């Protein structure tokens, strides 16, 4: 009862913001509910004079609900199907992820961009946008403003990709009788799932391909999503080493205290889906859980928006945008190069 009294006001406010954001995101998939929620939260918090009774529920939503969202995301992954159909794109996925992380690290050093923002932008660009940021932020202990900044950068280049890439693909000569080449391109070079589906659907509509491009792009995107697992584990290990070194003779830091347990639950959810589908259960049965995962991400983004100073965000946004641009251009170039070398395009 005490927990409800403490957290209910903040939780309720996040839900109130999330419901219209969710439906608006369905109407405008190029933007997505998560971005609408985070912007709404930023605007609403400007008019809240006192947030003392809301802070606990907002914090719970931005941290715990975000982790639950990642766990439920696992129910949308049949590992067998993803691995089987993702073999063709795996070399491209590995190289684009590596490219983005290397660029983010290099610019972090050269431009003195804060480490946590650099990590979030690099991971968000290379893996799966908001979902990757959602999984990574608690592992590196990023604050809400850092998460908001990273999400804003990813969103900007998502929108550009969704608008530009279909026309760009036609100009550079992608096969218009098949959705394979553009599907792989969209799945590896576009960050967030909403923008991947928007770009792929546009290509299908342009060339009357049904859902061929969309199916390919989403499968490649799901394969990329699996990279959340090793990336978060490596980041947890790096954080442990840093905190241990900083503590020196003082408090001991254990890997167990930093280890992202929700990633294990994410893997467990994926295995449940995989085993169930193997034994004849329809993958559609897990669709409500996948939808709930997306709604939880929208909720968490509304909470992050409520905890973000939009004025400060605008002031400090220049360098992360440059980093996001470099990661985006690097991923796009590597994806095209490898598709050409592998004979896909």
For the range 243-251, check the following and say yes or no: at least one residue is in a helix (DSSP H, G or I), modelled with pLDDT under 80 and in contact with a helix residue (DSSP H, G or I) (Cβ under 8 Å, 6 or more places away or on another chain).
yes
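Name the single residue that is nearest to residue 293 (Cα to Cα) among those in the range 197-215 being part of a helix (DSSP H, G or I) and at pLDDT below 85.
Taking the range 197-215 first, the residues part of a helix (DSSP H, G or I) are 197-207, 212-215.
Those left that are additionally at pLDDT below 85: 197-198, 201-202, 205, 212, 214-215.
Working: 197: 17, 198: 19, 201: 22, 202: 25, 205: 28, 212: 25, 214: 21, 215: 20 Å.
Top of the filtered list is 197.
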Number of the exception - residue 229 against (1) under 27 Å from residue 265 (Cβ atoms); (2) out of contact with any helix residue (DSSP H, G or I) (no Cβ under 7 Å at 6 or more places or on another chain)
(2)
Could you pull out the residue among 331, 310, 297, 304 that is under 12 Å from residue 41 (Cβ atoms) and either without any contact (Cβ under 8 Å) to a residue 60 or more places away in the chain or buried (at least 23 other Cβ atoms within 10 Å of the Cβ) (or both)?
304
Note: among 32, 10, 80, 74, just one is out of contact with any strand residue (DSSP E or B) (no Cβ under 7 Å at 6 or more places or on another chain), under 23 Å from residue 162 (Cβ atoms) and touching a residue at least 60 places away in the same chain (Cβ under 8 Å), namely 32
Residues within the range 142-179 that are more than 16 Å from the chain's Cα centre (by Cα), part of a helix (DSSP H, G or I) and crowded, with 21+ Cβ neighbours inside 10 Å, tallied
3
Test each condition in (1) in contact with a helix residue (DSSP H, G or I) (Cβ under 7 Å, 6 or more places away or on another chain); (2) under 26 Å from residue 61 (Cα atoms); (3) assigned to a helix (DSSP H, G or I) for residue 308 and report the one that comes out false.
(3)
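Are any of the residues in the range 253-264 within 20 Å of the chain's Cα centre (by Cα) and either modelled with pLDDT of 90 or more or within 11 Å of residue 78 (Cα to Cα) (or both)? Let's see the steps before the verdict.
Applying the first criterion (within 20 Å of the chain's Cα centre (by Cα)) to the range 253-264 yields 259-264.
Narrowing further to those that are either modelled with pLDDT of 90 or more or within 11 Å of residue 78 (Cα to Cα) (or both): none.
Looking for residues that are within 20 Å of the chain's Cα centre (by Cα) and either modelled with pLDDT of 90 or more or within 11 Å of residue 78 (Cα to Cα) (or both), one finds none in the range 253-264, hence no.
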Among the residues of the range 9-38, write down those that are assigned to a helix (DSSP H, G or I), at pLDDT below 90 and buried (at least 21 other Cβ atoms within 10 Å of the Cβ).
25, 33, 34, 35, 36, 37, 38
Criterion violated by residue 333 - all others in (1) modelled with pLDDT under 90; (2) assigned to a helix (DSSP H, G or I); (3) over 19 Å from residue 225 (Cβ atoms) satisfied:
(1)
Check residue 185 against each of (1) within 20 Å of residue 335 (Cβ to Cβ); (2) under 16 Å from the mean Cα position of the chain (by Cα); (3) not in a loop (DSSP other than H, G, I, E, B) and name the one condition it does not meet.
(2)
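The values are calculated or read from the model by the stated rules, or taken from the named source; none is laboratory data. The structure presented is a predicted model; accordingly, all values stated were derived computationally and were not measured. Here the Cβ is made from the backbone with ideal geometry for all residues, glycine too, and neighbour counts use every protein chain on show.
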